[in-house]
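Data first, discussion second: the structure below is written as structure tokens.
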Amino acid sequence: MLKISRIKIWLFCSLGLLFLSSVTQAYTDIAVQASGAPLKFQNFSSSSPLSWNPETGAVQDTSSTHNFHQSFSEYQSFCSGSSGGSGSCSLDPLIRDAMASSAASNQEGIDLINSAFSIWKTQATDASVSYAQGSSLGADVGVCNYPDYIDSAISQFAINGNSNDARVCGCLGTCSKACTNPVVFDANGDIIALENGEGNRYAILGSAGPIIWPGVDHFLKFEAIINGVCLDNSPDSGCSSSYTNDQLLSVMVHELGHAQGLGHTQVNAKSIGYTGGTATDPAGSAYLVSTATWGVAGAVPTMYPALVSGDTQSSLTMDDKIGLAHLYPASSLSSGYCTLQGSVFQSTAALRCVEVVFRDSSSTVLNSVGVLSGMEVANNGGSFTSTANPATNTCSESNTLNCGKYTAYVPAGKTYNIEVNALPNFAAGSTIGPCSTNPSFTSVNQTTGWLIKTNNSVVCATGGTTITSSTDADLSITVNASPPY
């Protein structure tokens with residue numbers, strides 16, 4: 001949980017919270033099936049675009065109406081029917097809705113979502129993707145009726161398994177309803193507060209992710225919530241600071257990355273400084289550092305877990321672009337990139353949840369791609385937790401050495417320096433995939449403890465080439481038992 005200015009921010013759920021028997025991997029970490037193949041949407045192309053469905057309500061109500069707050073305990077009586085239907089509500093939210101006038105209109109929200117999808121389409125040129133605005137949900141979605149349109153367990157996106165559930169039956173073909181990808185504007189933070197506690201009304205700017213189904217090898221749909229309570233048009237009096245439409249666009253681009261199947265990345269984490277919090281817990285106000293090497297405009301990835309002051313995260317970095325292309329590859333990914341395949345070891349055991357970064361040796365930090373070790377292998381077996389034995393941490397590969405494997409894509413015609421980084425302690429929905437705590441390096445300092453291995457490099461001369469550790473030994477990386485490596 002981080003802050004912008006003095007607003008605490010979670011930029012949505014990491015995919016590691018989503019998946020039942022699946023696990024995740026990073027570029028901006030992605031989900032994989034038991035076979036190790038990535039999970040994604042089917043038929044995601046110009047002939048069959050991914051559509052999205054907006055509600056009819058405003059992005060933000062005026063401050064005079066959304067100041068009409070109640071305590072979290074009182075919200076418990078707002079709605080009944082938490083299993084998926086709207087219930088009876090107290091008068092409090094109904095009075096607020098009756099009083100409400102728009103500070104940021106529904107059309108403004110729709111325009112921002114279309115702009116956010118356009119950024120993924122036009123900037124991630126090695127991904128084969130297309131998007132379309134679908135029909136409206138036909139309702140002003142608020143705290144009393146949101147379970148009719150989105151999973152009430154927002155932090156999990158875990159529909160209850162009922163194939164007749166009105167929110168998914170159209171996607172499963174078990175009813176005649178349309179399959180929708182709902183985008184909800186939480187105009188005063190009521191939904192966020194109800195689902196996550198009143199203290200998070202101003203902390204969580206949004207939540208998004210795809211829904212999977214047991215036995216289905218692709219995403220059924222996605223759901224997204226955008227919180228407009230602290231937008232600077234008319235920020236609530238409880239907001240310690242506000243954010244602009246441009247920053248809200250960054251949030252939307254980030255969240256729609258999650259909606260398509262991407263998780264978080266921490267590439268270029270040394271480009272971000274923090275005011276407040278502790279060294280091993282990246283909390284407080286996040287800002288772009290001023291050093292010549294790391295303080296480069298555009299260094300912070302869109303899929304970084306926080307909104308960082310001083311940088312524009314609505315523009316995709318190379319790491320963001322390649323992450324999407326990994327899921328939805330255009331032909332240019334195979335022709336213009338090298339595929340790098342290697343492993344990370346601690347002594348002789350495979351090591352998971354270590355970030356391997358490839359940086360263009362002739363460029364700035366902008367041309368960098370990061371992957372996590374041990375993510376995209378068969379039989380991953382579930383989420384990862386801190387353990388004394390990272391080599392066997394829930395990885396059921398018959399050959400446990402596979403548990404430290406990684407695969408990365410890099411543009412051809414360049415030499416890449418290889419860095420090996422421990423992960424800082426982002427918490428809850430802001431973690432990198434399943435790596436809620438780095439198994440071996442839990443005490444690594446976020447500011448000073450990003451330990452860099454600089455003696456390895458790899459040359460990607462020609463596109464379409466696969467380079468493995470058997471042909472380039474530098475892709476096989478062994479770290480010491482404890483930092484530094």
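Please treat every number below as a calculation from the coordinates, not as lab data. Computed from a predicted model, the values in this text were never measured in an experiment. Note: ideal-geometry Cβ built from the backbone for every residue, glycine included; neighbour counts use all protein chains shown.
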| note | Between LYS177 and THR348, Cβ-based FRET efficiency (R0 56 Å, step 0.05) works out to 0.55
| query | How far apart, in nm, are two points set 7 Å out from the Cα along the Cα-to-Cβ line at SER363 and at ALA412? | reply | 1.6 nm
| message | Please list, by residue number, everything in segment 226-262 whose backbone N is under 20 Å from a paramagnetic label point 7 Å out along Cα→Cβ of LYS121. | response | 249-262
| Looking at this model, which pairs from LYS270/LYS414; LYS221/LYS321; LYS177/LYS321 are more than 26 angstrom apart at the alpha-carbon? | LYS177/LYS321
| note | Ordering 223-230, 131-138, 346-353, 404-411 by per-residue average of other C-beta atoms within 10 angstrom, highest first, gives 223-230, 404-411, 346-353, 131-138
| task | Along Cα→Cβ, 7 Å out, is where each label goes; now give me the distance between the ones at THR56 and SER105 in nm to one decimal. | result | 1.6 nm
| remark: The extension gain from ASP472 to ALA297, computed as 0.36 nm times the residue separation minus the Cα-Cα distance, is 59.7 nm
| query | What are the residues whose amide H is under 5 Å from the amide H of GLN60, where those residues sit 5 or more places off or on another chain and H is modelled from the backbone? | reply | ALA103, ALA104
